[in-house]
Amino acid sequence: MTQLGDAWRAARPAVAGIHLDSAACSRQSNAVIDAAAQHARHEAEVGGYIAAAAAEPVLAAGRAAIATLTAMRADDVVFTTGSNHALDLLLGAWPGPRTVACIPGEFGPNLAIMAAHGFDVRMLPVDLDGRVLVVEAAANLQADPPGLVHLTGIASHRGVAQPVAALVELCRTLDIPLILDAAQALGQLDCAVGADVVYSSSRKWMAGPRGVGFLAATPEFAGRLVRRLPPADWDVPVGVLQSFEHHEHNCAARVGFSLAVGEFLATGPDAVRARLAQLAKTARTTLDRTAGWRTCEPVDEPTAITTFIPPEGVDPARIRQWLIDNRGIVTTAAEVARAPFELAGPVLRISPHVDATDTDLEAFGVALDEATRSVG
Ligand SMILES: *Cc1c(COP(=O)(O)O)cnc(C)c1O
């Protein structure tokens, strides 16, 4: 256990079992839970809209904290209900060519949103780990520039860090807007690298409440968008980013998220990233080949996610359920639909936050071995 891990753990309710699932949903701190509950109480006391107005300074601090993590301005951050919602809003307002370049490991639900908006998707060249080959991509993008480049900084199904800064730099040179899906990357990687758009979720590495996220866009990029709702030709004083603001939202969740991002900044993004990478290195080093499961990531990959390819005939979804039912260990079974162009079969994912310990990882290894024998 580390000092950082101790503090993170002490700030939260006691864990029931072992939580290795922050890529799905982290454990909120007591302060975050209390802030959201306090807001709900305030709504009952003074009325929901009065309470929302009173919460504005907290939300402004949240937008400022998000801006710090994304190299945006606080005024250019809007809250959404999550990452998918942010992408949907953004693509719905894009007036340019409906062509987008992304990685073969692109998140399945993102591909669905791109398709729903009539986008033609083309793939950027990647190496065997699924990492963008920036030099090859340069030739590719220059020869036939797409309207947008969409990069998922770290995928949901594989803990590989994309060269975000290098691709941002390339796209700036080529004058192609780059949109960063930071649903996983925020917290694991530096996302303050100059992307035109960054969006992410609260509940993952920021450890905020569920059902909230954000979209941040530079003024230059936002200036190219066209308002969809209300229709652009209606003469109303509503900017595009402003039009993304869902009027009826769960304000308590936004308050909790704002506090969570503040706590993350106070903990220290560099220290968190270092601890996450250290835990993942331990996991990949000690757990590879457990009961025939193979880890996918390079051992030193600076990410928190480790995924395991099952031995022949073993179903990750059944193993996940066994681990919950019998050992209180929470993991994720990632199905092929998460990355339909990259995953050959389902994988089991662990994603410990900084409060996990080597003992937790050891216990997971023992349980994975038992589960594989029992479920088969
Ligand atoms: C979780 C996730 C999303 C979707 O986030 P929501 O907040 O559930 O909409 C998008 N992209 C990646 C890479 C994710 O891991």
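We did not get these values from a lab; they are worked out from the coordinates using the rules stated. From a predicted model like this one, the values you see are computed outputs, not experimental measurements. Glycine also receives a Cβ, built like all others from the backbone with ideal geometry; neighbour counts cover every protein chain displayed.
Those helices (runs of 4 or more DSSP H) of segment 46-160 in which at least 2 residues are in contact with a strand residue (DSSP E or B) (Cβ under 9 Å, 6 or more places away or on another chain) and under 30 Å from residue 348 (Cβ atoms), considering only elements entirely within it, cover 83-92, 108-116. The set of residues from segment 152-164 being near the ligand (Cβ under 10 Å from one of its atoms) and either out of contact with any Cys (no Cβ under 8 Å at 6 or more places or on another chain) or acidic (Asp, Glu) (or both) comprises 154, 155, 156, 157.
Of all the residues in segment 16-45, those that are closer than 25 Å to residue 270 by Cα, outside any helix (DSSP H, G or I) and not acidic (Asp, Glu) number 11.
For residue 168, state whether it is crowded, with 17+ Cβ neighbours inside 10 Å, touching a Leu at 6+ places or on another chain (Cβ under 6 Å) and over 27 Å from residue 283 (Cα atoms). Working first, answer last.
On the way: crowded, with 17+ Cβ neighbours inside 10 Å: yes; touching a Leu at 6+ places or on another chain (Cβ under 6 Å): yes; over 27 Å from residue 283 (Cα atoms): yes.
Answer is yes for this residue.
Can you find a residue that is crowded, with 23+ Cβ neighbours inside 10 Å, more than 16 Å from the ligand (Cβ to nearest atom) and either under 18 Å from the mean Cα position of the chain (by Cα) or of a type in the set (D, E, K, R) (or both) anywhere in segment 84-96? No - not one qualifying residue is present in segment 84-96. Output the residue which, of all residues in segment 230-279 that are assigned to a loop (DSSP other than H, G, I, E, B) and β-branched (Val, Ile, Thr), is nearest to the chain's Cα centre (by Cα). Among them, the one singled out is 238.
Considering the conditions (1) crowded, with 17+ Cβ neighbours inside 10 Å; (2) away from the ligand (no atom under 16 Å from the Cβ), residue 34 is excluded by exactly one of them, (1). Taken over segment 183-220, the residue count meeting the criterion of being closer than 21 Å to residue 242 by Cα and either in contact with a helix residue (DSSP H, G or I) (Cβ under 9 Å, 6 or more places away or on another chain) or touching a residue at least 60 places away in the same chain (Cβ under 8 Å) (or both) is 17. The residues listed here are 145, 177; of these, the one that is in contact (Cβ under 8 Å) with a residue 12 or more places away in the chain, in contact with a Phe, Trp or Tyr (Cβ under 6 Å, 6 or more places away or on another chain) and within 23 Å of residue 220 (Cα to Cα) is 177. Looking at segment 202-227, which of the residues that are more than 12 Å from the ligand (Cβ to nearest atom) and in a loop (DSSP other than H, G, I, E, B) is nearest to residue 306 (Cα to Cα)? Looking at residues that are more than 12 Å from the ligand (Cβ to nearest atom) and in a loop (DSSP other than H, G, I, E, B), I get 207. Has segment 64-77 got at least one residue that is away from the ligand (no atom under 14 Å from the Cβ), in contact with a Phe, Trp or Tyr (Cβ under 9 Å, 6 or more places away or on another chain), under 27 Å from residue 127 (Cβ atoms) and not small (Gly, Ala, Ser)? Looking through segment 64-77, at least one residue is away from the ligand (no atom under 14 Å from the Cβ), in contact with a Phe, Trp or Tyr (Cβ under 9 Å, 6 or more places away or on another chain), under 27 Å from residue 127 (Cβ atoms) and not small (Gly, Ala, Ser).
Return the residues of segment 280-308 that are without any contact (Cβ under 8 Å) to a residue 40 or more places away in the chain, in a helix (DSSP H, G or I) and of a type outside the set (Lys, Arg); say none if nothing qualifies.
Initial filter on segment 280-308 (without any contact (Cβ under 8 Å) to a residue 40 or more places away in the chain): 281, 284-285, 288-289, 294-295, 299-300.
In the following step, the residues that additionally are in a helix (DSSP H, G or I) were identified as 281, 284-285.
Passing the criteria: only 285.
Condition test on residue 119, is it among the aromatic types (Phe, Trp, Tyr) and within 15 Å of the ligand (Cβ to nearest atom)? Against the criterion (among the aromatic types (Phe, Trp, Tyr) and within 15 Å of the ligand (Cβ to nearest atom)), residue 119 does not qualify.
Can you find a residue that is under 18 Å from the mean Cα position of the chain (by Cα), more than 24 Å from residue 334 (Cα to Cα) and within 16 Å of the ligand (Cβ to nearest atom) anywhere in segment 138-151? So far as segment 138-151 goes, yes, one or more of its residues are under 18 Å from the mean Cα position of the chain (by Cα), more than 24 Å from residue 334 (Cα to Cα) and within 16 Å of the ligand (Cβ to nearest atom).
Report, by residue number, each residue of segment 348-366 that is of a type in the set (A, V, I, L, M), in contact with a Phe, Trp or Tyr (Cβ under 6 Å, 6 or more places away or on another chain) and in contact (Cβ under 8 Å) with a residue 60 or more places away in the chain. First the steps, then the outcome.
Restricting attention to segment 348-366, the residues satisfying the condition of being of a type in the set (A, V, I, L, M) are 348, 350, 354, 356, 361, 363, 366.
In the following step, the residues that additionally are in contact with a Phe, Trp or Tyr (Cβ under 6 Å, 6 or more places away or on another chain) were identified as 348, 354.
Passing the criteria: only 354.
Looking across segment 165-201, the residues that are closer than 19 Å to residue 86 by Cα and either assigned to a helix (DSSP H, G or I) or within 10 Å of the ligand (Cβ to nearest atom) (or both) come down to 181, 182, 183, 184, 185, 186, 187, 199, 200, 201.
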